[in-house]
Each structure stands twice: as C-alpha cells, then as structure tokens.
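Read through the structure below, which is laid out as structure tokens, and then see the notes.
The values are calculated or read from the model by the stated rules, or taken from the named source; none is laboratory data. Worth saying up front: this structure is predicted, and the values here are computed from it rather than measured. Cβ placement follows ideal geometry from the backbone for every residue including glycine, while neighbour counts extend to all protein chains displayed. Ligands, DNA and RNA are excluded from the accessible area calculation, which covers all protein heavy atoms including side chains. Shrake-Rupley method; radii C 1.70, N 1.55, O 1.52, S 1.80 Å.
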Amino acid sequence: MEPDLALPEGSWEEGQVRAPGLARDRPPAIKWGEAGYRRLALAAALTLGLVLRLYRIGAHGLWIDEAFSVWLARQPLNEMLGWVREVDHHPPLYYSMLSGWISVCGSGESAVRALSALVGTLNIGVIYLLGRRLCGAWVGAVAAWVLALSPLHVRYAQEARMYTLLTLFASLALYAFLHLWRKSGGLDQGGGDGSPALGPATGLVPGWLGYVIFTTCMLWTHNTAVFFPVAANLIVFARAVVRRRSKHGLMREPGGALRSGGRPNSRWLRRWAAAQGAVLILWSPWIPALVVQAVDVYRRFWLPAPELTTVASIAGVLLWDFPAERLLTPLLVSTVLAGTTLYGLWHLSTSARGRAWIGAFFLVPLVGQWAASAWRPILAEHTMIWTSVPLYLMLAVGIRALTDRVESRRASRLLQAAPIIALIAVQGAAVGAYYAAPVKEDWVGAAALVAEHLAPEDTILFSSSWGQIPFDYYLAQQYNRGAGPEVAEHGLPVDLFDRGVLEPEMTRQDLDRLQELIAGRRRVWLISSHAWYADPEGLVPSALRRRMDLERRWALPGVEVRLYTGG
C-alpha cells in the first residue's frame, strides 16, 4: 500500500505534506524545508526570472496587438471603455492598469512591456507559495524554477498584453482556493479529519476575500477566465456528491484508508455559494459587453478550428515552447515533460488526501475551450496560458516523486539534481531560441521606409485598417508632420473602426471607395498586414495595379510596403 503523506516530526517541512511516495522511515535527501535553502532557491528563481524577462525587452518594435494596447491605454477612460466594448475581444482591466503605468513610466517599447515583465516575475513567488502549500517547499521551489525558465512565459512577459497578468491572478485565485479547501477539510463536516495539514493558514476571511477578488480580477482581464470558477465549482460539487453517496458513512481515500463520510460541511458550502454570488455581482457590469464581444467573435474570428493535434500541441507548448520547424526535439522533450506531469498527477491522486483535483484547473479550461471552438474557435496557447500554473505544479510533484524512491541518500541527491539540471538545460535552450527569433512584425522598418521617401500629397492606405495604429506609433517618431509634406492616411475597406469592427474584411462592394481614394493621386503607399484575413482575395493590390504602376516593393517581417505611381 502507498505510504501516506504524514511527516515525522521535524522532517522536511513540519506541518506540510510530504511529496507523494516519500518513505516514512528516512528524512528527505535535501532539507528544502530549512529557511536558508528555501530563501536561496526562491531568490535565485526570482532573480533569474526577472533577468530573463527584462533581457532585450525593447530589442524589437511593438507588433500590432501591443500597439493596440498602447493606443487604448492612451485614450480617456470613458472612450477606452467604449472602444474595448465595441471593437476588442477582451475586458478592460489590463488596459486600465497599462494606462496608469504609461502615465508614470512612458510609452516606449521597454516601458510598456516592463509591466508584464514585473507581473510575470511576481508570479514566480506566488507559484512557490502554491507548491509549498500543496506538497511542501521542495515542490514549490521546483515549480518556481519551471516558471522562471519557461520560454512561453518569458515570451509573454515581454509583450504589452494581458496574458501574464491573467496568469498572476489565476495563481493568486488558486492559492486562495487551496487555502479554503484546506480549511474546509475537503468539505468534511466540522472542517477536518485529522489528516496532515497542507501548510500554515491564517484564517478564513482573507481566503474568501482573496478568492472573490482574484477570481473577479481574472474575469475582468480575459473572457476565457470564466473556466476558472467553472472548474472550482465542479471540484466542490464533485466532492460534495461523493460525500453524500458514501456507503455506511465511510469513504475510501485514494491511499486506501477508510474514514467517516456523511454530509459535507454545509456551513462551508453556504459560504462558498455566497462567494460565487459575490464574484458574479462584481463581474456583472461587464456581462453586457461580453455578450457584444461574443456576438462579434461569432460573426468572424481569426483562429482556425482546433483539431486533436492542436490540443496536444498546446499542452506541449505550455510545457516547452520551442520553434516548430525542429519537430523531433520538441516532441521528445514535451513527451518526457508530459509523462512526468501525468506521473505527478497520479501521485497526487493516490496520496492520503487525494489532491488530483488540481488537474481540473487544466482539464476543464482545455475541454471547455475545445467544446466552445465547435461554435467559434477560441482555443489557443495564449487563452490557455494561465492553466500552465497547475501543469507546473503537477510537473514539480512528478519530479519529486520520481527522484524520491531511492534509498541511498547520496544517490537520491544525484537523482534530484539530474532532472533539475536537465530541465534548466532544455528550458534554457528554448529561451535562447526565443531571443534569436526574428521580429514578429517590423512596423519600425515600415514607418522608416515611408518617412524616408514621402513626397508632397502622398496617400497612405492600409489593407488592414488597424495597421494604422502601429504604423503611426513609429511614423510619429521618424517624421515631423508639421515640417514635412501633407500626408493623407486611410484604412481599407473603411477608416479605423468606422464599422465598429477591429479588422473588417475587404469585399468587392468596397472597391468603389478605393477608387475614390486614389483618384487624382500621383503616389499611393499601400501598407499590407494580415492580408490573409483582411483581404484574402487580394482585391486591393489588384485594383491598384489596374490604375497605377508598382514602382517599389519592400517585404518586411509581417508587413509589406508598396509604392504605386501614376494615376
């Protein structure tokens, strides 16, 4: 029978649960519970995480989504909320925070991205606390290092978008949920059955407030965060049902032990229902706007329909994000990491208290977004990024379980060090590949080309109308409109947001307006981006070729610049 997770007094971290599979008759190989080791491991992870997130943070220009974030954050609050509701697909909390950040730190590339970098670094400390409360300080330290070195999180921590903030709120909400679950004794009547504690707890009021506040913040940061409270309520509901259906008032725990069953903790359940009501009330002002955004997504959205391979690849990217063109190595590494994660989940399920419920915070959003994608595709790595938190916790537990069965203390130390060193190596290689990757969209180069060759009465057209936002961001830095010739800018098929759509599609009915815009013009610039989505038939360049001559063409990463003359 599997040993339970009880700790001999004074070993590992007193008052906290030992990692699954840890033998009871010997101390752990490395006493990570000692304050010095904990502080050293956490400080090193935080320092390295911050360095990786700040390194070359301003090396590339803003891409279109980041420029849109900055544009929204610069708007007055009432106008920003209106634009978010009408043309964006996200709630406004991140944009509001970015607005305050810009007012203090400025709107340069490094400045606007630094908010995400600092938030991502803070999350390293939070996941350490999560791991420590779940299974002890060793697991917390490993989880912190996994997050610190994660190439996916390093990448998103260097973007002026909301995904790193969403992940921080998810970690904090999960920490509050774990706190409440511990205080409820897993819904035991009276609040516990004498099993080992998950860690020190301070009281229920901070736990309830934390759950309500951070869950609400998640919902005001990204719409797909709705799957967090769904997962939490499914866990609570399933536990309550199991307790009510236990035979003869007894329940068999995953470790094999019998304990009293019966009615769940009704007082805790009433508080839980009240917390869900509080979250709903605090979120309710956004719900009408969410409906508007959902209708817009239903009409047209850029994500392709996910296949089974898409689901598997997203899980792989969350564990190890590496360039897709090198297929074999990512497949092997992701398979090993996924296997270790599943092993950690299995050990959590067979522990004396059965904590496999942590996996629901990954599986429920994955299945939910996949199911919703049958209506309109929404499943992607960035919408699932916050679910990497339970994944990394399970991975850390898996590493602990794999290395903790060796009787020899010296061999155990070597085994414990080996996967950590291997993890650092493969994660470091992926982070290096990210730094070496080419720029996503070169709006800096596009604006520089046009500024260098502008002539009086030029017209600039954008095949995707919101491409005007990043272009103008950089053109303003390189071109003095007051001193230079007059320049007219127009979006296609309509000017920016004139249809209340972020990126409307060009149709043949819009060609008449294009003809009016170029009539009598000697020189016309066409800035093309996202043509596969905004102009899939190539109507704009075809119409321009019929009326004008293509004089120059520049192909830049993610952007194409064309100069037409004649007319």
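Set against the 2.2 N^0.38 Å expectation for a compact globular protein, the range 415-521 has a Cα radius of gyration ratio of 1.67. Per-residue 3J(HN,Hα) values for the range 513-521, derived from phi via the Karplus relation 6.51 cos²θ - 1.76 cosθ + 1.60 with θ = phi - 60°, read 5, 4, 4, 5, 5, 9, 4, x, 8 Hz in sequence order (x marks Gly and Pro).
Summarising the amide proton neighbourhood of H89: residues at separation of 5 or more, or on other chains, whose placed amide H is nearer than 5 Å comprise an empty set. Between V336 and D65, the simple label model (points 7 Å from Cα in the Cβ direction) yields a spacing of 3.0 nm. The accessible-area ordering, largest first, of the residues E516, E307, E489 stands as E516, E307, E489, per a 1.4 angstrom probe. Peptides 40-49, 89-98 ranked from most to least packed by the mean count of surrounding Cβ atoms within 10 Å: 89-98, 40-49. Computed from backbone phi, the HN-Hα couplings of the range 432-446 come to x, 5, 5, 4, 7, 5, x, 4, 6, 9, 9, 6, 4, x, 5 Hz, rounded to whole numbers (Karplus: 6.51 cos²θ - 1.76 cosθ + 1.60, θ = phi - 60°; Gly and Pro given as x). For the range 155-167, backbone phi angles converted through the Karplus equation (6.51, -1.76, 1.60; θ = phi - 60°) give residue-by-residue couplings of 5, 6, 6, 10, 10, 7, 9, 8, 6, 5, 5, 4, 5 Hz, Gly and Pro being listed as x.
Note on R74 and V291: with the Förster distance fixed at 25 Å, the Cβ-Cβ geometry gives a FRET efficiency of about 0.40.
For E551, the residues whose modelled amide H falls within less than 5 Å of its own, excluding neighbours fewer than 5 places apart on the same chain, are L563, Y564, T565.
Normalised by 2.2 N^0.38 Å, where N is the number of residues, the alpha-carbon radius of gyration of the range 59-123 equals 1.09.
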